[in-house]
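K.L.:
Got a structure here, written out as structure tokens. Questions coming.
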Amino acid sequence: MDTCPDFWTQGCGPLDSVFSATADVLECISPFAESIAAAIWCCGSPVAFPLIYCFPPDPHTDETSGWEVSMQRAPAREPLMCCFSMICFPCGQFIVRRRALGGDMSRYKLWQGYHDGPHCLARHCDGAPITIESGTYEEHRCPNVFLCLEVTVLGGPCSSCCAFDASRRLMKEERDLGTDPTEARQEKCMEFTGDVANSISRWACCIQCAGCCVGCCATDSDGAQECSAEAKRASRACWSIAHTLYKGMWAVKIIAIGCMSSQMIHEDKCGRPILVKDVPSSMKMERSGDNCEEHGIPSVNAIPEDVCGRSR
């Protein structure tokens, strides 16, 4: 039984003219969207990386934010690590985590505890999977195996990115380092581009669904069929723009992680030592140099000599 009324399927009355007018509008929009999709091809490649400098750095950051070498100069100091991290993403992050831990794998925990808590269905329903509790999976027995799984499969398609995020945060906290200005620019660029790409994707989905509904219901209306065809064309152009932006985001992320990985490796070689390692909570509150030294902990205010022979 046909559930659509006659005036809808046949395009009687004002609806047929509305469909025709909508088709004319979409016919004007589609070439423009297709031109944009063709023009921004560079935004979907590594060439898009310089676009991060269109965004301001965090006003609270300085040139290096405490790092031994800035993110911009790190690839020149550690070129092999930079290239290796971009070419073999998981292997690079395996090395970075070990260096962030100072080579002490007994301190390893799944994502170092930064991703603990409910995920997936567990966010909406108590007892449902998945809730992560690092340190409860006996990682200490085979930390290297767990780290291999972490950088390859445990985080799904974003496993290596999640592993890098944990390593970066760990090194910042343990060595009292800030956010590099270039890192801040990259984060703002990713946030802005992601918002734009997501918005365009939603518009593409809505246009495509509307076009399909009109085409399926108003089968006898020439205006409706024309409108449906133009809607599909406009939707394809929007999807193309969004796809290009997503590819560009991934390319920028890979390059940024390569630069930051080389920065972290150089920091482990020649930068600040780990200030506090496995300190009981009762001792973390003692901030003065005297109290720290009484417990055998290096003072935060001390100026140690790094492994490169330079005083910091």
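K.L.:
Does region 39-84 classify as rounded, prolate or oblate by the C-alpha gyration tensor (a ≥ b ≥ c root eigenvalues; a/c under 1.5 gives rounded; else a/b over b/c gives prolate, otherwise oblate)?
P.N.:
Judged from the Cα gyration tensor, region 39-84 comes out oblate (a/c at least 1.5, b/c at or above a/b).
K.L.:
Given Cα positions, please report Rg to Rh for region 118-275, the hydrodynamic radius being the Kirkwood one.
P.N.:
Expressed as Rg/Rh, it is 1.15.
K.L.:
Would you mind computing the Rg to Rh ratio of region 216-264 from its alpha-carbon coordinates, Kirkwood style for Rh?
P.N.:
Details: Rg = 20.4 Å, Rh = 13.8 Å.
Rg divided by Rh gives 1.47.
K.L.:
Could you please rank Arg107, Arg97, placing first whichever residue has the fewest other Cβ atoms within 10 Å of its Cβ?
P.N.:
Numbers: Arg107 18, Arg97 24.
Fewest-to-most ranking of Arg107, Arg97: Arg107, Arg97.
K.L.:
Tell me, Trp41, Trp111 in order of fewest to most beta-carbon neighbours within 10 Å?
P.N.:
Ranking Trp41, Trp111 by Cβ neighbours within 10 Å, fewest first, gives Trp41, Trp111.
K.L.:
Another question about this same structure. Give me the one-decimal Kirkwood hydrodynamic radius in Å for region 105-179, with the sum taken over alpha-carbon pairs.
P.N.:
Evaluated over region 105-179, this radius sits at 13.2 Å.
K.L.:
Next question. Relative contact order of region 77-207, please, whole-number percent, based on alpha carbon pairs below 8 angstrom and at least 6 residues apart.
P.N.:
The normalised contact order for region 77-207 reaches 23 percent.
K.L.:
Normalised by the residues of region 106-162, what does the relative contact order come to in percent, with Cα pairs under 8 Å and at least six apart?
P.N.:
That works out to 33 percent.
K.L.:
Expected output is a single nm value to one decimal: the length gained when fully extending between Cys217 and Thr136, i.e. 0.36 nm times separation in residues minus the C-alpha distance. What is it?
P.N.:
The span from Cys217 to Thr136 would gain 23.5 nm if fully extended.
K.L.:
Measure of size requested: the Rg and Dmax of region 45-198, with Cα atoms as the atom set and Å as the unit; please supply both.
P.N.:
17.0, 49
K.L.:
Could the peptides 115-121, 84-90 be put in order, highest first, of the mean number of other beta-carbon atoms found within 10 Å of their residues?
P.N.:
Going from most to least packed, we get 84-90, 115-121.
K.L.:
Just rank Leu147, Leu80, Leu51, fewest to most, by other beta-carbon atoms within 10 angstrom.
P.N.:
If I rank by nearby Cβ atoms, fewest first, I get Leu80, Leu51, Leu147.
K.L.:
A further question on this structure: If you keep only loop residues by DSSP, which GluC sites (Glu not before Pro) in region 25-64 have at most 12 other Cβ atoms within 10 Å of their Cβ?
P.N.:
Here the sparse-neighbourhood loop sites are Glu63.
Rule-based calculations on the coordinates, nothing more; no lab input. Nothing here was measured: the structure is a model prediction, and the numbers come from that model. All Cβ positions, glycine included, derive from the backbone under ideal geometry; neighbour counts span all protein chains shown.
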